[in-house]
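The values are calculated or read from the model by the stated rules, or taken from the named source; none is laboratory data. Fair warning: this is a prediction, and the values are worked out from it, not measured in the lab. All Cβ positions, even for glycine, are placed from backbone atoms using ideal geometry, and neighbour counts span all protein chains on display. Protein only, heavy atoms only, side chains kept; ligands, DNA and RNA dropped before computing areas. Shrake-Rupley method; radii C 1.70, N 1.55, O 1.52, S 1.80 Å.
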Amino acid sequence: MSALRALAFALYFLILTAVMGIGAIPIRILRKRQAALVYAKLWARLVLAGLCRICAIRIDVIGRDNIPDGPCFIACQHQSYFDGFIWMNLVPDPAYIIKQELIRVPLVGPMLVLSGMIPVERNAGSKALRDLMRNTQAAFDDRRQIVIFPEGTRALPGERKPLQPGIVALAKQSPVPIVPVATDSGHCWPRTGFMKYPGTIHVTIGRPLGDSKGRAALIAAINDAWDRLSITEDKSDPSVDNSVGGTLSD
């Protein structure tokens, strides 16, 4: 049954993306970032709505009140492609730091660029970091929220990969709040393959980190926060914010 659900979702995703990608052509011609972002938010919302309904997956968001108003870093664990969709509608003006290859994806890539996502060429060395710092600062000047996956790649549930040094350089340049986020999305949407499994995905948002002096201190603070958030005692508590639950309703 899970395989059939996963296949149905894959078809839904491909058709939805193709139709909305073609429908985005007028926005791309007009080159309006805000219109592109609104359209991208709708696409992400429909993708997750399909995931919930087709694959019997529920989404619980815990601690949404911990996201500050205005610019901030969202320092999120990364276990599956799900993590790339959920933040589109959790913060008002997201700017994901994404790998350069994504902007070459037909239909999707041009909209990522137009909506203000920040691509990084990971093999470009110091130039990539300089470009990233410049683009990130521009996003903060526009009071946007930067979504960054400090591990740099998807990890298995329970696995911890070393944090990339870019988060430290960005944090030193832009003294905005850093919000740690833990997730267990890999249990329902594995990092490889097309399978999807019924269950609940938890997205647990922690309080902004305090000031951390130096690279080692900041990396330790993020890892410590992730450890605390990953062992939340009762993720089914009725006080949990389920505003993007199975129906993705406000």
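Results, tabulated for the structure shown:
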read-out	value
Antiparallel bridges, percent of DSSP beta bridges restricted to the chain (to nearest 5)	15
Amide proton proximity set for Thr200, modelled H, under 5 Å, gap of 5+	Arg58
Electrostatic dipole magnitude of segment 104-236 [Cβ: Lys, Arg +1; Asp, Glu -1; Cα centre; debye, to 20]	380
Mean separation of Cα contacts under 8 Å, 6 or more apart, over the residue count of the chain: relative contact order %	30
Relative contact order (%) - segment 76-224, alpha-carbon pairs under 8 angstrom, separation at least six	27
Extension gain, Ala10 back to Arg33 (0.36 nm per residue minus Cα-Cα distance, nm)	5.5 nm
Dipole magnitude (debye, nearest 20) for the chain, charges at Cβ of Lys, Arg, Asp, Glu	900
Extreme residue, positive dipole direction of the chain, given options Ile178, Gly109, Ala221 (C-beta unit charges)	Gly109
Sequence-distant residues sharing a close amide H with His78 (under 5 Å, placed H)	Ala155
Label point distance in nm, Ala216-Glu121, each placed 7 Å from Cα along Cα→Cβ	3.5
Selected from Trp87, Gly193, Pro68, residue furthest toward positive end of dipole (the chain; charges at beta carbon)	Gly193
Kyte-Doolittle at least 0.0, axis length at least 20 Å by Cα - qualifying DSSP helices, the chain	2-23, 33-55, 215-230
Apportionment of accessible area to carbon and sulfur, segment 50-188, percent (1.4 Å)	55
Extension reserve of the Ile25-Met133 stretch, reckoned as 0.36 nm per residue once the Cα distance is removed	35.9 nm
Accessible surface, the chain, averaged per residue in Å² (probe 1.4 Å)	49
Whole-Hz ³J(HN,Hα) from phi, Karplus 6.51 cos²θ - 1.76 cosθ + 1.60, for segment 78-93, glycine and proline x	9, 10, 7, 5, 3, 4, x, 9, 5, 7, 4, 10, 9, 10, x, 9
